[in-house]
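Would you mind keeping the following structure in view while I ask a few things?
The values are calculated or read from the model by the stated rules, or taken from the named source; none is laboratory data. Because the structure is a prediction, the values reported are computed rather than measured. Using ideal geometry, Cβ is built from the backbone for each residue, glycine included, and neighbour counts are taken over all protein chains shown. Each accessible area value is taken on the protein alone, full model and side chains, heavy atoms only, with ligands, DNA and RNA left out. Shrake-Rupley method; radii C 1.70, N 1.55, O 1.52, S 1.80 Å.
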Amino acid sequence: MTPFSYERAADAADAVRRAAGPAAKYLGGGTNLVDLMRETIERPQRLVDVTGLSAEIAENADGGLVIGAAARNTAVAEDRLVRRRYPVLARAILAGASAQIRNMATVGGNILQRTRCIYFYDDEGSRCNKREPGQGCDAIGGFNRNHAILGASPSCIATHPSDMAVALVALDARVQLRGAGGERSVALAELYRPPGDRPDLETVLQPGELITEISLPAAPLAARSDYRKVRDRASYAFALVSVAAALSVDDGRVSDVRLAFGGVAHRPWRAWKAEAALRGARAEAGAFAAAAEAELAAAEPLKDNAFKVDLLRRTMIAALEQLAGDRA
């Protein structure tokens, strides 16, 4: 491991001040960053500990929730309001990692965790444009069973590993940022950059910018929501595919819907085309299948992961059927 210094921030302003300059990283639960430091993929010279920042989960004026970025994943999953109003979020968190890791991981860190692509981690034996731009991508011609089928580029086919972020994107979450230039708010769905020819630039965060909180708008349809994750093991495995879904049905027709996919793209994939196809449609299997086809028409499977297209289609249909109360 490369030598580094450690500082503990007193508040958000202090954290931003301490992180100014090159080679500094914010440290939350460390469940991803410390692993990457051990593997020498990440080599910060300074760590700024932000676990003392707000971890509060509070209701805001419009009936939504504000979650401090230092909130532990377990605390969010167990929160009474989260479980009642946004069950998809609680279930997504509980589908991720182990209880021990969820107890350590913070919301801000979970959103910003890096890909688990095996070629990204193989510093000595594989080429990776995310690790070193211009080097090449050995995953494209290699073993790519777990890689992206949507939104990839000729430079990178890695997927985003977070379950929680998939639910947050479906719920229209926003992240509050603080940096040297002040504060701003960004929709979580727009936080992640497309891979393009610079997959090492994963978000729109400016150098030294810090996530301070995540806000969820009031969303009555979210009370009828669910998260389905398909993986190789029953626990402690990343998603082959996952679906975060919320559904509102009036007189047998879809009045509103939210859908996001995990395990299939470089970011949590909001299924805008499927949502548009479903609004006003009959809440039944045929319409769910047509919506899945609309979203997945753009899929570009690789030699080892073509199965993901059909697996995602069936997972999405099953999630919607359950929410609609129609298992036919």
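Filter the range 14-61 for residues that are of a type outside the set (A, V, I, L, M, F, W, C), part of a strand (DSSP E or B) and out of contact with any Phe, Trp or Tyr (no Cβ under 8 Å at 6 or more places or on another chain); which is farthest from residue 183 (Cα to Cα)?
Filtering the range 14-61 for residues that are of a type outside the set (A, V, I, L, M, F, W, C), part of a strand (DSSP E or B) and out of contact with any Phe, Trp or Tyr (no Cβ under 8 Å at 6 or more places or on another chain), the one farthest from residue 183 (Cα to Cα) comes out as 59.
Let me ask something else about it. Criterion first (without any contact (Cβ under 8 Å) to a residue 40 or more places away in the chain and assigned to a loop (DSSP other than H, G, I, E, B)) does residue 267 satisfy it?
no
Those residues that are touching a residue at least 60 places away in the same chain (Cβ under 8 Å), more than 11 Å from residue 199 (Cβ to Cβ) and among the charged types (D, E, K, R), I need them from the range 130-153; list them, please.
145
Which members of the range 270-328 meet the condition of being under 14 Å from residue 256 (Cα atoms), part of a loop (DSSP other than H, G, I, E, B) and either small (Gly, Ala, Ser) or touching a Pro at 6+ places or on another chain (Cβ under 9 Å) (or both)?
271, 280, 281, 283
Quick one: count up the residues across the range 112-168 that are touching a helix residue (DSSP H, G or I) at 6+ places or on another chain (Cβ under 7 Å) and surrounded by fewer than 24 Cβ atoms within 10 Å (Cβ to Cβ).
6
If you take the residues in the range 263-321 that are acidic (Asp, Glu) and under 22 Å from residue 116 (Cα atoms), which one is surrounded by the most Cβ atoms within 10 Å (Cβ to Cβ)?
Only one residue tops the list, namely 304.
If a residue must be without any contact (Cβ under 8 Å) to a residue 24 or more places away in the chain and either open to solvent by less than 20 Å² (accessible area, probe 1.4 Å) or touching a Lys or Arg at 6+ places or on another chain (Cβ under 9 Å) (or both), how many such residues does the range 23-37 contain?
2
Which ones in the range 72-102 are without any contact (Cβ under 8 Å) to a residue 40 or more places away in the chain and charged (D, E, K, R)?
Passing the criteria: 78, 79, 80, 83, 102.
What tally of residues in the range 190-229 results from selecting those that are open to solvent by 50 Å² or more (accessible area, probe 1.4 Å), in a loop (DSSP other than H, G, I, E, B) and of a type in the set (D, E, K, R)?
Of the residues in the range 190-229, 4 are open to solvent by 50 Å² or more (accessible area, probe 1.4 Å), in a loop (DSSP other than H, G, I, E, B) and of a type in the set (D, E, K, R).
Ok, one more. When you go through 48, 88 one by one, which is the residue that is closer than 30 Å to residue 18 by Cα and either open to solvent by 50 Å² or more (accessible area, probe 1.4 Å) or among the aliphatic types (A, V, I, L, M) (or both)?
Unique residue meeting the criteria: 48.
Which condition number in (1) modelled with pLDDT of 95 or more; (2) more than 30 Å from residue 26 (Cα to Cα) is the one that residue 233 fails?
Condition (1) is where residue 233 drops out.
Could you pull out the residue among 40, 74 that is open to solvent by less than 50 Å² (accessible area, probe 1.4 Å), under 20 Å from the mean Cα position of the chain (by Cα) and among the hydroxyl-bearing types (Ser, Thr, Tyr)?
74
OK, next. Would it be correct to say that residue 232 is acidic (Asp, Glu), open to solvent by less than 60 Å² (accessible area, probe 1.4 Å) and in a loop (DSSP other than H, G, I, E, B)?
no
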